Amino acid sequence: MRHILFFIFFFQIWASVLAQETLYLSYEEAETIFLQNNLSLISEQLNIESQKAELIQAKVWPNPELSVSEINLWKNPNMNSSPPFFGSFGENQQIALELNQPIPTAGKRRKLIALEKTKLEISEQYFEELLRELKLELRTKLLELNYIQKYSEIYNHLLENISINLRALKNQYEKGNISKSEYIRLKTHKLEVNKDFIELKNNTNQLQKDIKTFLSLPPNIEIIINEDKLIKDLESFKNISIEDMISIAKENRTDYKLALLEVDYSYKLLKYEKSQLVPDVAIGATYDRSGGVMPDFVGFGFSLDLPLFNINKAGIKKAKINMEMAENNKKQIVNNIENEIYFSYKLLQEALEFHGIIEFSEEEDLDILFNKYDENFKSRNISMLEYIDFVNTYLSTKKIILESEKELGQRIEEFKFYTGNIQ
């Protein structure tokens, strides 16, 4: 049932993509598409599958070796007659067969399998680390796009009102009721507002491009973030213990898990390199027809390398160095975790404090006040300078409110990222 609902969800999304150029997405819906479509994630998943193939290969025993030799291609009249193998085939024929089976010693095969299992775990953690980093980047961009779209709505509404007032002033100017300077002043102000609005649009276009790349969407789609609020669920971030967050980070952070796996891999690699000191053995069986005193000789034997010159000093030394590097890297990761969490905690608390100062009930009063100023300006109850001054104050206040929410949202996502809790 879950798979069916998932298919229906994607069918609805792609149907809307094909039917129109505007795609409305919540944060969760955008992330769902990202998890399915992002090409970087798909490539890293293929790397995991490749590593699984390496593990399968490590479990396979080496192939036996068959050699055939001492075949005479002509008949020797001086040799003793030997019976054919079957029919007339092989009569008076000499042949030697040898079958050898290499056998790894000192647990090499077991140690190699352990190495490949750890490499598979490392590949899986690399995928999780990539996912963690891309999620933070995507969420930050979605938050930024939502902020710009909401701010653009304010500019749209403001420009509509200014345009109406500008047309009314033009009529008054043409009738000679107001001076040209007053008309030009409002027209200039509209150009200034329009210029800022164009910068917002440029930022929107860049964000649209980045997010569509993340989601692997076609370029003709315009994404609209369908979220009323920039952020939600603030209460869980108000009372936090740094010590608890550091402990949680060590359990959740993929870079710390990677560091532990690298240490584990370096220890296993050292064991494997040391096992190379013990030579592998090959056991074999030999069959020789008409090659000696016995017409059909069957014998058994074994072979092994003599470790006289190559005792794998370089491989062992390199493995020891890698082990020391892995231990130092683990200590560095722990230090980074503690500093990153402390730093992000401070930024989060500052953002929460500033967000708490803002009286969001006053935002509605600000909208009501803007409408009153607009009506009073139309009725000529206030001057041009008073109207423009309030418009600037209105825009500045709206920007501060939206930016405080955006910054708090970014600080929350960063804190979740540094604690490894970016689910």
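Odds and ends about this structure:
- Length-normalised contact order of the chain in % [C-alpha pairs under 8 Å, at least 6 apart]: 24 percent
- For semi-axes √(5λ) of the Cα gyration tensor in Å, the candidate list reads (1) 49, 20, 19; (2) 78, 28, 16; (3) 56, 24, 20; the entry that matches the value derived from this model is (2).
- Extension gain (nm, one decimal) between residue 242 and residue 179, 0.36 nm per residue minus Cα-Cα: 16.3 nm
- Neighbour counts of C-beta atoms inside 10 Å place 140, 419 in the sequence 140, 419, starting with the fewest.
- Along segment 57-62 the Karplus relation, 6.51 cos²θ - 1.76 cosθ + 1.60 evaluated at θ = phi - 60°, assigns HN-Hα couplings of 5, 5, 7, 7, 6, x Hz to successive residues, with x for each Gly and Pro.
- By other beta-carbon atoms within 10 Å, ranking 196, 365, 228, 280 with the fewest at the front produces 228, 365, 196, 280.
- Förster-model FRET efficiency, 35 Å R0, residue 167 and residue 209, C-beta, rounded to 0.05: 0.45
- The chain: antiparallel DSSP beta bridges as a percent of all, rounded to 5: 85 percent
- Dipole magnitude of segment 333-399 about its Cα centre (Cβ charges: Lys, Arg +1; Asp, Glu -1), debye to nearest 20: 300 debye
- Label-to-label distance, residue 37 versus residue 399, with points set 7 angstrom from Cα along the beta-carbon direction: 3.3 nm.
- Using the Cβ-Cβ distance between residue 375 and residue 313 with R0 = 56 Å, the FRET efficiency computed as 1/(1 + (r/R0)^6) comes to roughly 0.05.
- Magnitude of the charge dipole for segment 365-423, about its Cα centre and with charges confined to Cβ atoms of Lys, Arg (+1) and Asp, Glu (-1), is about 60 debye.
- Once the Cα-Cα distance is subtracted from the 0.36 nm per residue extended length, the residue 94 to residue 300 segment shows a gain of 72.2 nm.
- Relative to the Cα centre, the charge distribution of segment 258-393, modelled as +1 at Lys and Arg Cβ and -1 at Asp and Glu Cβ, gives a dipole magnitude of about 1620 debye.
- Computed [θ] at 222 nm, helices only, for the chain once each DSSP H run of length n ≥ 4 contributes -39500 (n - 2.57): -24000 deg cm²/dmol
- In the chain, taking the dipole from charged Cβ atoms about the Cα centre, the farthest positive-side position among 256, 237, 56 is held by 56.
- Ranking of 34, 197 by count of other Cβ atoms within 10 Å, fewest first: 197, 34
- Nearest-0.05 FRET efficiency for residue 228 and residue 349, computed from C-beta distance (R0 25 Å): 0.45
- Here the simple spin-label model places points 7 Å from the Cα toward Cβ, and for residue 334 and residue 392 these points are separated by 5.6 nm.
- Most positive-pole-ward Cα, 213, 198, 176, against dipole of segment 96-215 from beta carbon charges: 176
- Residue 325-residue 63 pseudo-label distance in nm [points 7 Å out on the Cα-to-Cβ vector]: 3.4 nm
A short reminder: the numbers here are calculations on the coordinates, not readings from a lab. Quick caveat: nothing in here was measured; it's all calculated off a predicted structure. Because the Cβ atoms are built from the backbone with ideal geometry, glycine has one as well, and the counts that use them run over all protein chains shown.
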